[in-house]
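*Asks:* Would you mind keeping the following structure in view while I ask a few things?
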Amino acid sequence: MIPAGFDGIEIEIPGGAGIYPPSEDTYLLLAMLKHFLESRRPGCMDPGLAALDMGSGAGLATLLLARHFMRVDAIDINPAAVAFVRAELSRRGRRGGDALVAGNLLDALRGAPGGGAYSLACFNPPYLPLEGYEVPRIQDCEDGREHAFFIDKALHAPGGGRAVLEQFLRDVRPHLVPGGHVFFVKSSLTGIDDTSAWASGFGFRIVERANVHRFFEDIEAFHAIA
C-alpha cells in the first residue's frame, strides 16, 4: 500500500493496480483548489450543482471536492482507480448521486448517471513526452501487465499533452454553467507560451496561476473561468 494524503484526507493506494499516486503536480493543483473552495465568496458558485474530476487517479481531488459539492463526478481510464475512489467516497459516508465512471475523457459520461451542468471541473492530464511515443493500446499488453499500461497512460502523452488538454477544454466548456470554474495542470513542454491567449480560444479567462520547476520543465496550475 502507498500512503498519501492532503488536508486531512488520508488514503492508502493499493500497489499493482496501475493507480497513479499523487505527485508534485497533484499537490500543486490541490492547493489551488483548496484555496479557491475555502475562500470563495457566497453565491459565486452553487454547491447544489456538480463538480467534475477528470482523470481522478487516486482520488484526492474527488475527495476534496466532495466536501463542498452535493455531487462529484469522477472519470478515470483505469477501472481499478474508479473502484478505489468509489470505495473511499463510500467509506466517508457518501451515498449515491456521484457518478464514478471508467472511460476516456468526457465521452465516458455518455449514458452514465449524473452528468449535466458543472460549477467546477479539474484535470491533471498526462504530459510527459517520450521520443517516438505512441499511445499504447491495452489489448497489446501482456497478461498481468495492465497496471503498467494505466500508469503509462497517466504519465505520457505526445507533444507534452497539448492535444489531450485541448480536447478537455473544448469538450468541458458546454458542460459548465455560465461563469463555471476550471482548474488544470499544464507542462512547459506543451509549447504553449501565451496561456491566456490560448485558453481564451476555448472560451476561458485565466484568473490565477501557480508553478513549480521540476527537472527539465515547469509545471503550472491554472484557474480559469468560462
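The values are calculated or read from the model by the stated rules, or taken from the named source; none is laboratory data. A quick note: this is a predicted structure, and the numbers were derived from the prediction, not measured. With ideal geometry, Cβ positions are generated from the backbone for all residues, glycine too; neighbour counts draw on all protein chains shown.
*Asks:* Would you mind telling me which numbered condition in (1) touching a His at 6+ places or on another chain (Cβ under 9 Å); (2) surrounded by fewer than 17 Cβ atoms within 10 Å (Cβ to Cβ); (3) in contact (Cβ under 8 Å) with a residue 12 or more places away in the chain Glu38 fails?
*Replies:* If we test Glu38 against (1) touching a His at 6+ places or on another chain (Cβ under 9 Å); (2) surrounded by fewer than 17 Cβ atoms within 10 Å (Cβ to Cβ); (3) in contact (Cβ under 8 Å) with a residue 12 or more places away in the chain, just (3) comes out false.
*Asks:* Hey, another quick one. If I go through the stretch 22-37 residue by residue, how many of them are small (Gly, Ala, Ser) and part of a helix (DSSP H, G or I)?
*Replies:* 1
The rows are residues; the columns are (1) loosely packed, with under 15 Cβ neighbours inside 10 Å; (2) modelled with pLDDT of 85 or more; (3) of a type in the set (Ser, Thr, Tyr).
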residue: Pro3; (1), (2), (3): yes, yes, no
residue: Tyr20; (1), (2), (3): no, no, yes
residue: Leu30; (1), (2), (3): no, yes, no
residue: Cys44; (1), (2), (3): yes, no, no
residue: Leu52; (1), (2), (3): no, yes, no
residue: Leu60; (1), (2), (3): no, yes, no
residue: Leu64; (1), (2), (3): no, yes, no
residue: Ala99; (1), (2), (3): no, no, no
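*Asks:* Of the residues that sit in the stretch 194-226 and are part of a strand (DSSP E or B) and of a type in the set (Gly, Ala, Ser), which one is nearest to the chain's Cα centre (by Cα)?
*Replies:* Ranking the qualifying residues of the stretch 194-226, first place goes to Ala221.
*Asks:* If we keep just the residues of the stretch 86-97 that are in a loop (DSSP other than H, G, I, E, B) and surrounded by 13 or more Cβ atoms within 10 Å (Cβ to Cβ), which is modelled with the highest pLDDT?
*Replies:* Out of the qualifying residues, it is Arg94.
*Asks:* Check the stretch 69-78 and report whether any residue there is surrounded by fewer than 17 Cβ atoms within 10 Å (Cβ to Cβ) and more than 19 Å from Leu176 (Cα to Cα).
*Replies:* Taking every residue of the stretch 69-78 in turn, none turns out to be surrounded by fewer than 17 Cβ atoms within 10 Å (Cβ to Cβ) and more than 19 Å from Leu176 (Cα to Cα).
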